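Peer 1: What follows is a structure written as structure tokens; I'll ask about it next.
The values are calculated or read from the model by the stated rules, or taken from the named source; none is laboratory data. If you're wondering where the values come from, they're calculated on a predicted model, not measured in any experiment. So basically every Cβ, Gly included, is an ideal-geometry build from the backbone, and we count neighbours across all protein chains shown. The accessibility values were calculated without ligands, DNA or RNA, using every heavy atom of the protein model including side chains. Shrake-Rupley method; radii C 1.70, N 1.55, O 1.52, S 1.80 Å.
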Amino acid sequence: MIFKLNKPKSTPEGARKRVLTIPLLPLRDIVIFPHMVVPLFIGRERSILALENAMSQDSYVLLCTQKDAKKDEPAEADIYRFGTIGHVLQLLRLPDGTVKALIEGKRRGEIRQYLSNPSFYLIEAEEVSEPYEYTAEVEALIRTTITAFEQYIKLNKKIPQEVLQAISSLGDPGRLADNVAAHLAIKIEEKQPLLELINPVKRLEKILTLMQREIEVLQIEGRIKNRVKKQMEKTQKEYYLNEQMRAIQKEMGEKDDFKNELLDLEKKIKKKRMSAEAMNKVRHEFKKLKLMSPMSAEATVVRNYIDWLLSLPWSERSKDKLDIVEAERILHEDHYGLEKPKERILEHLAVQTLVKKMKGPILCLVGPPGVGKTSLAKSVARAMNRNFIRLSLGGVRDEAEIRGHRRTYIGAMPGKIIQSLRKAKTNNPVFCLDEVDKMSTDFRGDPSAALLEVLDPEQNFSFNDHYLDVDYDLSEIMFITTANNLYSIPLPLQDRMEIIRLPGYTEVEKLQIAQQFLITKQRQANGLTADNIDFSENSVLNIIRLYTREAGVRNLEREIASICRKIAREVAREGLDHKARITSQTVSKYLGVPKFRFGRTEEKDEIGLTTGLAWTEFGGELLLTEVVILPGRGKLTITGKLGEVMQESAQAALSYVRSRAEDLGLPKDFYRRIDIHIHVPEGAIPKDGPSAGITIATSIVSALTKIPVHRDVAMTGEITLRGRVLPIGGLKEKIIAAHRGQIKTVLIPKDNEKDIKDIPSRIVKAVELIPVEHMDEVLKKALATDNPDDIFKGLHPQVIITPEPTFLPATEGGPGEQEIMAH
């Protein structure tokens, strides 16, 4: 296109500005530029009065845009101060009360001040001059803008061609910019700055930038429309041809869909490698399916059954990685400690390198929550290069969840074992059966009994699921089960598994786990870097000692995560360069008051207070036992929510003390004049188990003889009537708890000496373990006296209470008539 421009004269910068007193017309959703003739529909009464005033006096009106179009009565702050001074050409009142006005924009104007007027907005407006200098660069800018506008009109069909002809003849940059801006489909927030831009050349440059952006958007829209149109045409064509093909096949009497499905199914059956029994079964079912109507319900059942048989990994195996060194590296990389489970897994890999086919072992990891049982199973899968699947058995009550439902039931499905293998897609995964101790039994069967076949290496090569009704070989699967305790697992099921105990972590192990794994994990989870947060060793020890009391590290991780979240908040507030150093002094700032007192030992040796050791499914615990002697009639009171076993231990302990009364310097009938109250604190927590006998006996002897018990001595063991100390279970967990509670000496049954080798060497060095065979040895070690041999010579003061005349008479009869009250 050839441009013929009327070169205007340059506008001088020092032009005189004129001030007008004219009405103000607020506009909604439109910005009017100079040199535009625009029809407006006016509905607000104040605006109509402003137009009528301007029309009657042949005057001007200032057209300014509202900042918020929803406001009917805008205030001064709601109206832009820059607008266009316009001349009202025509007013026409419509039947509905609104007014149609034809207004021509003349020049830019700015509000100087609002004048007082009750009927409409009256203002003083100052005309704005637009100085510029016409140069060759300006002429090039004008030509470029006109060319771009021509391209814009071609893409935007809403603008008529006559507009291009009118704009092409403009040679003034300001007028060209205003006319183009009026036709651009941009937002009010972009048009208003154009109106306020005084320099015509800069305004034209801004217009050109916006127009090029709009051209690019319109081009993209056009490409999208063309692509969608082609896709729609292709889809419609394919649909039409497919419908024609179906119609032809229908006329020829062919059931195309069902027939094609049968052909595909037959190909899959030929390609699938499975056992001979399963292949015969699937072929038999396929013959039945071919004779059935595709619309029958039975055909759907048969089809689903065939699909299940074909989807199982009968012969698909993952290749084992039999590199012992690499496997050991992976296990150590993922977990700190847990030497015994790691050793057993590496033994299995070593045997597999020497034996072509071996029966998969069934390992049972038993330990408190948070010690890493499930994550260890994942690491085993990674070390062996096998797929990993996990099945939670918590709350499973229905046998069919293990063995599956028979196909005669509506909605029948295989059991969880077969379903998990379908997901695993290999026949030799690492299969983690989580929470095997949480299964229950009801009228629907016993799922633990159904697991016997799954977890028995002598039977699971021919596991029979009720739904499949064919034998499936589970012998190549490495089963790993997890449990918090053994007593709730039936003995026949325990017999099928190799028990590996994970007793919990020592303080040093927790420190290493936190530094090597937990801090890094939580730092990444909360969007922090190593520069943002740094934990000192003492701060981690403070968290372990004062804010957690557990065998595992789950709560430790929660407390570290809590600190990381608080630091993340500081980083978000103060910037990415914020650094925080967590020390033992600042831990309480983030975690609050310590939840626990580090060390459960008393400040001084107490009479009648002995520290015992207990095993729970959450790990070992210190168990304080208190005994007080009161005036009474021989009543034995036991409180602290003790179970039947511990109540019997208390009675046996008292009988032992009575049998040694003479040696202890007590009258033979001392029990008739006193009441003995045995209490184990934390009464809301049920306590039971055969390991508190010597603890209770020690407390009773201490209370009767007034000899204190060493505060840094703990003990565990059951007692017989003759004072013999019987062995107990869970020794490792109990000794770890004693070490955690700063106990220096622990008395253990002589028969438990063999279990000392399972306790970490650093704990054995820190805690003195004294094996005892008889209660007499326990008293000599536990009671704080200068000469332990004097305990059985009756040389100590006794707490026997001589009854006053006001007391009730002593109960007649033998020991069998003694009163016992348990709470």
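Peer 1: Report, by residue number, each residue of segment 494-505 that is part of a loop (DSSP other than H, G, I, E, B) and either surrounded by fewer than 20 Cβ atoms within 10 Å (Cβ to Cβ) or basic (Lys, Arg) (or both). Spell out how you get there, then give the answer.
Peer 2: Start the filter on segment 494-505 by keeping residues that are part of a loop (DSSP other than H, G, I, E, B), which leaves 496-497, 502-505.
Selection gives 496 alone.
Peer 1: Within segment 709-766, which residues are among the acidic types (Asp, Glu), touching a helix residue (DSSP H, G or I) at 6+ places or on another chain (Cβ under 6 Å) and in a helix (DSSP H, G or I)? Don't jump to the end; show me each part of the working.
Peer 2: First, the residues of segment 709-766 that are among the acidic types (Asp, Glu): 712, 718, 733, 751, 753, 755, 758.
Narrowing further to those that are touching a helix residue (DSSP H, G or I) at 6+ places or on another chain (Cβ under 6 Å): 718, 755, 758.
Once the filter is applied, which keeps residues that are among the acidic types (Asp, Glu), touching a helix residue (DSSP H, G or I) at 6+ places or on another chain (Cβ under 6 Å) and in a helix (DSSP H, G or I), segment 709-766 yields 755, 758.
Peer 1: Return only the number of the condition from (1) open to solvent by 60 Å² or more (accessible area, probe 1.4 Å); (2) farther than 30 Å from residue 783 by Cα that residue 607 does not satisfy.
Peer 2: (2)
Peer 1: Let me ask you something else. Checking residue 317 against (1) in a helix (DSSP H, G or I); (2) surrounded by fewer than 14 Cβ atoms within 10 Å (Cβ to Cβ), only one condition comes out false. Which one?
Peer 2: (1)
Peer 1: Follow-up. Which members of segment 76-95 meet the condition of being among the small types (Gly, Ala, Ser), open to solvent by less than 50 Å² (accessible area, probe 1.4 Å) and over 17 Å from residue 191 (Cα atoms)? Give the steps one after another, and end with the answer.
Peer 2: Our first condition is that a residue be among the small types (Gly, Ala, Ser); within segment 76-95, this holds for 77, 83, 86.
Next, from what is left, pick out any that are open to solvent by less than 50 Å² (accessible area, probe 1.4 Å): 83, 86.
Of everything in segment 76-95, just one residue is among the small types (Gly, Ala, Ser), open to solvent by less than 50 Å² (accessible area, probe 1.4 Å) and over 17 Å from residue 191 (Cα atoms), namely 86.
Peer 1: Let me ask you something else. Condition check: under 18 Å from residue 35 (Cβ atoms), in contact (Cβ under 8 Å) with a residue 40 or more places away in the chain and not β-branched (Val, Ile, Thr). Does residue 129 satisfy that? It would help to see each step written out before you state the result.
Peer 2: On the way: under 18 Å from residue 35 (Cβ atoms): yes; in contact (Cβ under 8 Å) with a residue 40 or more places away in the chain: yes; not β-branched (Val, Ile, Thr): yes.
So residue 129 passes the test.
Peer 1: Now, a different point. Which one of these is assigned to a helix (DSSP H, G or I) and of a type in the set (A, V, I, L, M): 322, 346, 363? It would help to see each step written out before you state the result.
Peer 2: Numbers: 322 fails: assigned to a helix (DSSP H, G or I); 363 fails: assigned to a helix (DSSP H, G or I).
Answer to the selection: 346.
Peer 1: Further question: Please determine, by comparing only the residues of segment 610-643 that are open to solvent by 70 Å² or more (accessible area, probe 1.4 Å) and at pLDDT below 85, which one is farthest from the chain's Cα centre (by Cα).
Peer 2: For segment 610-643, the residue satisfying everything is 641.
Peer 1: Being over 57 Å from the mean Cα position of the chain (by Cα) and either over 18 Å from residue 99 (Cβ atoms) or hydrophobic (A, V, I, L, M, F, W, C) (or both) is the filter here; which residues of segment 19-32 pass it? Outline the logic, then answer.
Peer 2: Within segment 19-32, the subset over 57 Å from the mean Cα position of the chain (by Cα) is 19-25.
If the condition is that a residue be over 57 Å from the mean Cα position of the chain (by Cα) and either over 18 Å from residue 99 (Cβ atoms) or hydrophobic (A, V, I, L, M, F, W, C) (or both), then 19, 20, 21, 22, 24, 25 are the ones that fit.
Peer 1: I've got another one for you. If I ask for residues that are free of Cβ contacts under 8 Å to residues at least 40 places away in the same chain and open to solvent by less than 20 Å² (accessible area, probe 1.4 Å), which ones from segment 563-598 would you list?
Peer 2: Within segment 563-598, 563 is the sole residue that qualifies.
Peer 1: Could you say which residue among 227, 273, 213 is among the basic types (Lys, Arg) and not in a helix (DSSP H, G or I)?
Peer 2: Working: 227 fails: not in a helix (DSSP H, G or I); 213 fails: not in a helix (DSSP H, G or I).
Only one candidate qualifies: 273.
Peer 1: Within the set of pairs 6+ apart or on separate chains, which have a first residue in segment 465-479 that is of a type in the set (Gly, Ala, Ser), a second that is not in a loop (DSSP other than H, G, I, E, B), and C-beta atoms under 6 Å apart?
Peer 2: Listed pairs, sorted by first residue: 475/460; 475/461.
Yes or no, residue by residue, for (1) touching a helix residue (DSSP H, G or I) at 6+ places or on another chain (Cβ under 7 Å); (2) part of a loop (DSSP other than H, G, I, E, B); (3) open to solvent by 50 Å² or more (accessible area, probe 1.4 Å):
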position	(1), (2), (3)
469	no, yes, yes
485	yes, yes, no
514	yes, no, no
527	yes, yes, yes
534	no, no, yes
542	yes, no, no
549	no, yes, yes
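Peer 1: Might you let me know whether segment 687-700 holds any residue that is modelled with pLDDT under 85, out of contact with any strand residue (DSSP E or B) (no Cβ under 7 Å at 6 or more places or on another chain), open to solvent by 10 Å² or more (accessible area, probe 1.4 Å) and of a type in the set (Gly, Ala, Ser)?
Peer 2: Within segment 687-700, none of the residues are modelled with pLDDT under 85, out of contact with any strand residue (DSSP E or B) (no Cβ under 7 Å at 6 or more places or on another chain), open to solvent by 10 Å² or more (accessible area, probe 1.4 Å) and of a type in the set (Gly, Ala, Ser).
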